[in-house]
Amino acid sequence: MIKSQWLSTSSDKHEENLTLHLKENTVANESKKDPSAETEAEAKHRERDEKTNELLMSLADQLVKAAERKRNPTLEIPIRTQANVNYNKSRKIIELGKNKSQRQLFNLSQAKSFMQMILVASGCKKLIDQNKTTSIRGLYYMLKHTIEGTKEETFAKQSECDPMIEDVEVTLNALREELHVYAQSRGTMVGPITIVDSGDEIDCSRMGTGGYGIPSIVEDDIVQFKECDAKFVLHVEKDTVWRRFNEDKFWKEHNCILTHGSGQPPRGVRRLLCRLNSELNLPVYCLLDNDPWGYYIYSVIKQGSINLAYESQRMAIPEAKFIGLRARDFDRCGLSDSVKINLNDTDRRRAEQIKQYPWFSGKKRWIKEIDTLLANGFKLEVEALISLDVSYVTETYVPEILEAGPRQWLD
Amino acid sequence: MGETNEESVNGQPQPAPEKKTRKRRSSAEKMAAMQKDISVGEFFHKNRHLLGFDSARKALLMTVKEAVDNSLDACEEAGILPDIWVNIVNTGSGRCRVAIQDNGPGIVKKQVPKIFGKLLYGSKFHRLRMSRGQQGIGISAAGMYGMLTTGKPVKVVSKTSKGRPAHYFEIQINTKLNTPEILNEDGNGIDIPNGEVGQAVLQDHEIEWEPVSHGTRVTIEMEAQYHRGRGSVDEYLEQTAIANPHAQIKYLPPDGREVFYHRASEVLPPEAEEIKPHPYGIELGTLIYMLKHSKSMQLTSFLSEAFSRVSPNVAKEIVTEANVRINANTKKIGREEADAIYQAIQRTKISAPNTDCISAIGEDQLLKGLHHVVPAEFYVAVTRPPAVYRGNPFQIEAALAYGGTPPVRKVSLDGLEEMLSETESRTLRQFLTTNFDGIGTSGANNIIEAAELKVRTSPSKMKPRERKRLHEAMQGINLSASQSCNVYRYANRVPLLFQPGACAVTQAVMQLNWRTYGLSQSRGSMPNGPITLMVHLASVWVPFTSESKEAIASYPEILKELRLALQGVGRKLGMYLRRRQKVKHQGERRQIFKRYLGEVAQAVHSLNGCDREDLFSQLLQVAKDQTAEADMQFDESGQVVEEPEMDLGENVLIVKSERDD
C-alpha cells in the first residue's frame, strides 16, 4: 500500500520532472536479490542498448567517412508528412513511405539542424552509456549550451529539440525508449489488473482516486502483466470523464480496465493499450467527444498517426471500436440545446480532411457519421451527458451501448 | 523727416500726394553732363564679386586658380609637360603673398604688361577652342584686387628661352583707362641676364625665381585669408591634380607643409583644334555682326566660309529657304533679310559640328589621376563620345572611386588641432561638415556623440582632452553607410568648387537612380557611400551660369550626356559591388559552417571516439571546398571565373585591399 502510494505521487511528479530519472533504484533492488544472475528483462535491455549504440556509432562513422572523402556529410531522414504515409489495407495500419529528405552539413539552411541532430545522437549515447533515461525536456537541457566563440545557443527552445529527437528516431529506425528518452506521461489507468513496473508489483484495482500513471516507456522489460481479470478496456478522452467513471466504480461493475490519455494519447498509453489488446486479448472501446478531434483520436489509436507512422506497427489497434459519442445522440438522448457547441471553420475543414483519409473514406458508416456532424452544425462533449444526470454516462449511456453490441458501434 | 522719406521707410499706403507744382530737381541737359563711359576696370572694381573676389578667403583661391589655369593652358599649347609652383606666405595683418610659377613658354616682353595689367585682354576669347580660360579677365582681376587691398603692384618674371634674359615687371592697373602701368625702372622693367649676373640682380631686387629655362612667375600680395577644407586652395590643387595627371604641382601653403603632386602620366593631352562656329550655335545678333564685319562677298560663300559644316550646297539651301537672292552681297543684307537667314538656318538640316576639337582627359588618364589622389579600392572611368549643344561640341567624362578611407579618418591630431584653432565655424557640427567631405550632418552628429561632446560646442574653445576625444571619435567612426557622395566637377579640366546646387552635374547625379547600382540614396538627393565622383565637361565653349565660372548651365543635351556617363560608371560599380557582396556572402556562409563544425566534431567524437581535431580540420577543409564550389557555380551562370577584373572592361581599376573577407 505504502509503495503504491509513493509510486502514484512520483508519477504525478513525472510531468515536470526535468532531472534525470534514475533507474538505479531498480538495479539496486534487483541486485539485492541476486547480484550475479541477470534477469530476462535485464538481458533484453542490455541487448537492446547494444543494438542502439551500434546504430548511433554508424551514424558517426558515416560522417567521419564523408569528411575523409571531402564530401558533404549527408543524413537521409524519412519524411513524416501525410504525403509519405500509406494506409496498409490488409494490416489496417498507417505505414511510413519510402520518401526521404536529405539533410546536409554544408547547406546554409540545414547546417544548424544537422548539428542539432548529431548533438541529440551524442546525448542519447551518453544516456545509454550511463544507463539512465531522461525526458525530452531533460535532453534539451542536457544539450543546450552556447556555441563556443558565439552568442548562439545550440537549441534556443525545446521546440527546436523535439523534432530533432524524432528525426534521430526515424533515421536510425530506433524507438524513443531505445534512445533512453521519454515524453511526459499523461495517461492514467485503473482496473482489475496487476502489473510489475520496474520490479514493483502494482495492483491497479487499489489505486484510489488517482489511478496508475502510465509511464512513457511501457515495454515488456519495464512493465510486465502479472494478473488480469478484466474483460475489456474502456478508453476515455480525458481526465474529467475518467474520474467520473472511477468514482462510480464503473470498472468494478463491468470488470474492465479504464484508461485516459489527456486528449491525443501519448505513446506510452497507446503502447500499453496495444499490449493489453494483443497480449491479453482485451477488446478496446473508445468513448470520445463527438467532434473531428475525437474522431482523429480514435483514428490514431486504431491505425496509428501520420507523424509517428513508423511506430504504428507496435501501437495501432486495428480492432479498437468507437462507441461514442455519436452525432445522433443529441436527439436519441434528448439533450438540451444549451450543450451544443457550434462548429467553427477549423472544425469543418478538419472534418472534411478526415473524410478524405483513406482509412475513413472506405467506411460508409463513418462517412455518414461525419456528414451528420456537419449537418448538425454542432459538436458534443462527453460531459454534455452530465446535463441529464451526473452518472447518466456511467449508469445508462455506456451500459446501453455496450449492451446493444457491435452494430451500434463504429469500426 | 520729409514726406518722401516716410513713404519709402514705411512702405504703407499713403494719401494721394498734394497737387502742388513741384520744382524739377534736374534737367535732361544737366543729367547729360553726368552721363559718361564706364570703364571695364571701374566696373569690375566695384563688382569684384562677379569675378569671385568677394571674400578674403575666396580671393586667395581665385588668384591661384586663374594663375594655374593660365599656366596649364600655356604649357599645353606649347607642348610642355607642366611644372607648377604655388607658394603662399602670410605677410601678417590679414595679408598673403601668393606666387605662382610655371615652366611654360613665357611671355614676350612687350605683352607682359597687357596680360597682367589690362582686363579683358587675351588670346582665348575670340576663338572657339577648348581651353581653361575663356574671357581674359582672371589674372588681371586678381592683380587689381591685390592693388586695391594692399596698394602693392603685381610682380611678374617671365623668361622665354634658355638663351634670352628674363624680364621683371612691377605692374599696376589703371582702372579708369583699363591700361597697365609699369612701375619699376621708369616703366621699362628690368632685364635679368643669365648666369651669375642675373643671380645678383634677383638678389638685389628680392625677386623669387625657380631656375627654369623658360616660364613665368607672378606674385601678388593681397588681403586674403588662408584656410583649409572646402573651397580652399588645397582642395582646388588636389582636384586639379586629378584632372591633370600630366602636371606636377609643388605647393607650399603658409602653414609650413610641403604638398607635392607628382606627375602621374607623361602624356600630354592632345592639342585642341580651333574651329569655326556652327550655324546652330549663333544668335541673330551675332549673325548680323558677322555679316557687317565680313569682307564684301556673295552670301553663299560667306556662309560656307564663316561657319563649320556649311558646304556651298548647304549654303545655297539656306539662302533659297530664306528667300534671299543667291548672289546677294553680304554688305547689302539688311536686318530683316538677316532674320530670314537666321530662321532658315534653324529649318535647314546641317550636320553636327566636327568634334575633333575636343580633347578629353581619357579613361586611362582619369583612372591614373583619380587613383593618384583619392585612395580607394575601386575605380572606373567613362568617356562619352562628343555631342553638341547649341552648335557647340562638348564631351562628358565621368570617373568614380569607391571605398577607401574617408577624409575624417585621415587627419592627424596635430592637423586637427590646427584646423580647430583656425576655423571660423561657431559650432562643432558646422566645423565637421564644412571641413570634411562626405560626412554630412548625420555623420557629424555620430562623431560628436561618440566623442561625448555637444553639437554646439565652440571649436576654438575646446579643451585639449576634448580635442583628443574628438580625434579618436573621428578615427573610429564608420561612415560607409551614412557617408554621402563627393562630387568633383570640372569644366575643361578646371575644378569647380562653388555653387554645386546650381550646376548641371549635381542635378544629373541627384536625378540618377543609384539604388540600381547597389548604393543607398534618398529620392532626389546624392547617393550615400564612400564614393568620389568626378565629372568633366570639355567643350570649346563651356556654358557657365555666371562670370565667376562656378556652375555649368543645364542644357538638355548636356544633362542627357551627363546621365549616360554616370550610368556608365554606375553600371560598373554595381557589378563590382554585387561581386563583392557575393564574396562577402560566401565568407559569411563559411563563418556559419565554421561555427557549427566544432559542435559537430565534439559530438561525433563522443559518439564513436574519433579524433576530434582531425575531424574538425577535415570538415573545415570540406567547408572551404564547398564554399569555393559555390563561387564556381555562381561563375558558371555567366560570370568569368579566373579574372573577375577582366569582365568589368578596361576602364576599371581595382586596388586589392589588405583586409581578408
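The values are calculated or read from the model by the stated rules, or taken from the named source; none is laboratory data. Note that this is a predicted model, so its numbers are computed, not measured. Methodologically, a virtual Cβ is constructed for each residue, glycine included, from the backbone with ideal geometry; neighbour enumeration extends over all protein chains shown. Keep in mind that these areas ignore ligands, DNA and RNA; they rest on the heavy atoms of the full protein, side chains included. Shrake-Rupley method; radii C 1.70, N 1.55, O 1.52, S 1.80 Å.
Mind checking the angle between helix A:111-130 and chain A's longest principal axis? C-alpha axes, 0 to 90 degrees, to the nearest 10.
Once rounded, one gets 90 degrees.
In segment B:123-231, which GluC sites (Glu not before Pro) are in a loop and have at most 14 other Cβ atoms within 10 Å, using DSSP for the loop call?
Values: sites: B:Glu170, B:Glu181, B:Glu185, B:Glu196, B:Glu206, B:Glu208, B:Glu221, B:Glu223; in loops: B:Glu206, B:Glu208.
Within segment B:123-231, the qualifying GluC sites (Glu not before Pro) (loop, at most 14 other Cβ atoms within 10 Å) are B:Glu206.
If you look at just the Cα atoms of segment A:258-304, how large are its Rg and its Dmax in Å?
10.4, 31
Would you work out what percent of the accessible area of segment B:279-347, with all protein chains in place, is carbon or sulfur (probe 1.4 Å)?
Here carbon and sulfur together make up 48 percent of the probe-accessible area.
Under the Kirkwood approximation for Rh and a Cα-based Rg, what ratio Rg/Rh is obtained for chain A? The partial results should precede the final answer.
Values: Rg = 23.0 Å, Rh = 23.1 Å.
Ratio of gyration radius to Kirkwood radius for chain A: 1.00.
Could you state the accessible area per residue of the protein assembly as shown in Å², with a 1.4 Å probe and every protein chain left in place? Mind dumping the intermediate values first?
Working: 51620 Å² over 1072 residues.
Dividing the accessible area of the protein assembly as shown by its residue count gives 48 Å².
Could you list which residues have their amide H under 5 Å from that of B:Gly52, counting only those 5 or more apart in sequence or on another chain, with H placed in the peptide plane?
Under 5 Å from the amide H of B:Gly52: no residue qualifies.
Can you give the alpha-carbon Rg of chain B over 2.2 N^0.38 Å, where N counts its residues?
Numbers: Rg = 31.3 Å, N = 661, 2.2 N^0.38 = 25.9 Å.
Cα Rg divided by the expected 2.2 N^0.38 Å: 1.21.
May I ask you to derive the relative contact order of segment A:254-362, considering only C-alpha pairs under 8 Å and at least 6 residues apart, and to give it as an integer percent?
Details: 88 pairs, mean separation 27.5, N = 109.
Rounded, it is 25 percent for segment A:254-362.
Using square roots of five times the C-alpha gyration tensor eigenvalues, list the equivalent-ellipsoid semi-axes of segment B:333-415 in whole Å, biggest first. Don't skip to the end; give the middle numbers.
Values: eigenvalues 439, 47, 17 Å².
Equivalent ellipsoid semi-axes, largest first: 47, 15, 9 Å.
Hand me the trypsin sites (Lys or Arg not before Pro) from segment B:213-256 located in a DSSP loop with no more than 16 other Cβ atoms within 10 Å, in residue order please. Write out the running numbers ahead of the final one.
Details: sites: B:Arg217, B:Arg228, B:Arg230, B:Lys250; in loops: B:Arg228, B:Arg230.
Here the trypsin sites (Lys or Arg not before Pro) that fit, given the DSSP loop and packing criteria, are B:Arg230.
Which whole-number percentage describes the relative contact order of chain B, with Cα contacts under 8 Å and a sequence gap of 6 or more? Don't jump to the answer; show the numbers that get you there.
On the way: 1177 pairs, mean separation 74.9, N = 661.
The normalised contact order for chain B reaches 11 percent.
In square nanometres, what is the average projected area of the Cα convex hull of the protein assembly as shown?
Details: hull surface 308.1 nm².
That works out to 77.0 nm², a quarter of the Cα hull's surface.
Given H placed 1.01 Å from N in the peptide plane, which residues other than close sequence neighbours of A:Phe378 have an amide H under 5 Å from its amide H?
A:Leu343
Filter the trypsin sites (Lys or Arg not before Pro) in segment A:141-182 down to the DSSP loop ones having no more than 16 other Cβ atoms within 10 Å, then list what survives.
On the way: sites: A:Lys144, A:Lys151, A:Lys157, A:Arg176; in loops: A:Lys144, A:Lys151, A:Lys157, A:Arg176.
Here the sparse-neighbourhood loop sites are A:Lys144, A:Lys151, A:Lys157.
To the nearest 10 degrees, how steeply does helix A:292-303 sit against the main Cα axis of chain A, on a 0 to 90 scale?
60
Using alpha-carbon pairs under 8 Å, 6+ residues apart, how would you state the relative contact order of segment B:225-317 in percent?
Details: 69 pairs, mean separation 16.0, N = 93.
Computed over segment B:225-317, the figure is 17 percent.
Which ³J(HN,Hα) values in Hz, rounded to whole numbers, follow from the phi angles of segment A:355-364 under the Karplus curve 6.51 cos²θ - 1.76 cosθ + 1.60, where θ = phi - 60° and Gly and Pro get x?
4, 7, 4, x, 7, 10, 4, x, 10, 4
Among B:445-451, A:387-393, what's the highest-first ranking by average C-beta atoms within 10 angstrom per residue?
Highest mean packing first, the order is B:445-451, A:387-393.
Are there any residues in segment A:64-105 with a reduction of at least 30 Å² in accessible surface when going from the isolated chain to the assembly of protein chains? Probe 1.4 Å, please list them by number.
Checking the loss per residue gives A:Val64, A:Ala67, A:Lys70, A:Leu105.
Provide the buried accessible surface between chains A and B in square angstrom, both chains summed, 1.4 Å probe, rounded to the nearest 100.
Numbers: alone 20050 and 33900 Å², together 51620 Å².
Roughly 2300 Å².
Taking only pairs that are 8 or more places apart or on different chains, how many Lys pairs in segment B:45-261 have Cα atoms under 13 angstrom apart? Numbers along the way, then the final one.
Values: B:Lys46/B:Lys176; B:Lys109/B:Lys159; B:Lys110/B:Lys159; B:Lys118/B:Lys176.
The number of close lysine pairs in segment B:45-261 is 4.
Applying the Karplus parametrisation 6.51 cos²θ - 1.76 cosθ + 1.60 with θ = phi - 60° to the phi angles of segment A:389-394, what ³J(HN,Hα) value in whole Hz is obtained for each residue in order, glycine and proline being reported as x?
Listing the rounded values in order: 6, 4, 9, 4, 5, 8 Hz.
What residues does segment B:557-596 have that are buried by at least 40 Å² of accessible area in the full protein assembly compared to the chain on its own, 1.4 angstrom probe?
The answer is B:Phe593, B:Arg595, B:Tyr596.
Can you give me the Rg/Rh ratio for segment A:26-178, using Cα atoms for both radii and the Kirkwood formula for Rh? If you can, show how the numbers build up before the last one.
On the way: Rg = 18.2 Å, Rh = 17.7 Å.
My calculation puts Rg/Rh at 1.03.
What do you get when you divide the Cα radius of gyration of segment A:248-343 by 2.2 N^0.38 Å, with N the number of residues? Walk me through the numbers before you get to the answer.
Values: Rg = 14.9 Å, N = 96, 2.2 N^0.38 = 12.5 Å.
Rg over 2.2 N^0.38 Å, computed on Cα atoms: 1.19.
So for segment B:376-463, considering every pair of alpha-carbon atoms, how many percent are separated by more than 18 Å? Please report the intermediate quantities before stating the final value.
On the way: 2204 of 3828 pairs.
For segment B:376-463, the fraction of Cα-Cα distances above 18 Å is 58 percent.
If amide hydrogens are placed 1.01 Å from N in the peptide plane, which non-local residues have theirs closer than 5 Å to the one on B:Tyr389?
HN-HN under 5 Å from B:Tyr389: B:Phe394.
Nearest-5 percent of antiparallel DSSP beta bridges in the protein assembly as shown? Kindly include the intermediate steps, with their values, before the conclusion.
Details: 96 of 121 bridges.
Rounded to the nearest five, the antiparallel share is 80 percent.
Give me the three principal axis extents of segment B:45-261 from the C-alpha atoms, as integers in angstrom, largest value leading.
44, 42, 41
Near A:Ser391, within a Cβ-to-Cβ distance under 11 Å, what is the net charge of the other residues, with Lys and Arg +1 and Asp and Glu -1? Please list the in-between numbers first.
Numbers: positive: A:Arg244, A:Lys249; negative: A:Glu247, A:Asp248, A:Asp389, A:Glu395.
Within the 11 Å Cβ shell, the charges total -2.
Excluding the sites themselves, what is the longest stretch of chain A that contains no GluC sites (Glu not before Pro) in a DSSP loop with at most 14 other C-beta atoms within 10 Å? Numbers along the way, then the final one.
Details: sites that count: A:Glu15, A:Glu16, A:Glu38, A:Glu148, A:Glu152, A:Glu319.
That gives A:153-318 as the longest site-free run.
Per 5 Å bin from zero, what fraction in whole % of the C-alpha pairs of segment A:154-247 is there, up to the bin with the longest pair?
Histogramming segment A:154-247 at 5 Å steps yields 3, 11, 18, 19, 15, 13, 11, 8, 2, 0, 0 percent.
Can you say what percent of the DSSP beta bridges in chain B, counting only those with both residues inside, are antiparallel? Round to 5.
Values: 66 of 77 bridges.
Antiparallel bridges: around 85 percent, rounded to the nearest 5.
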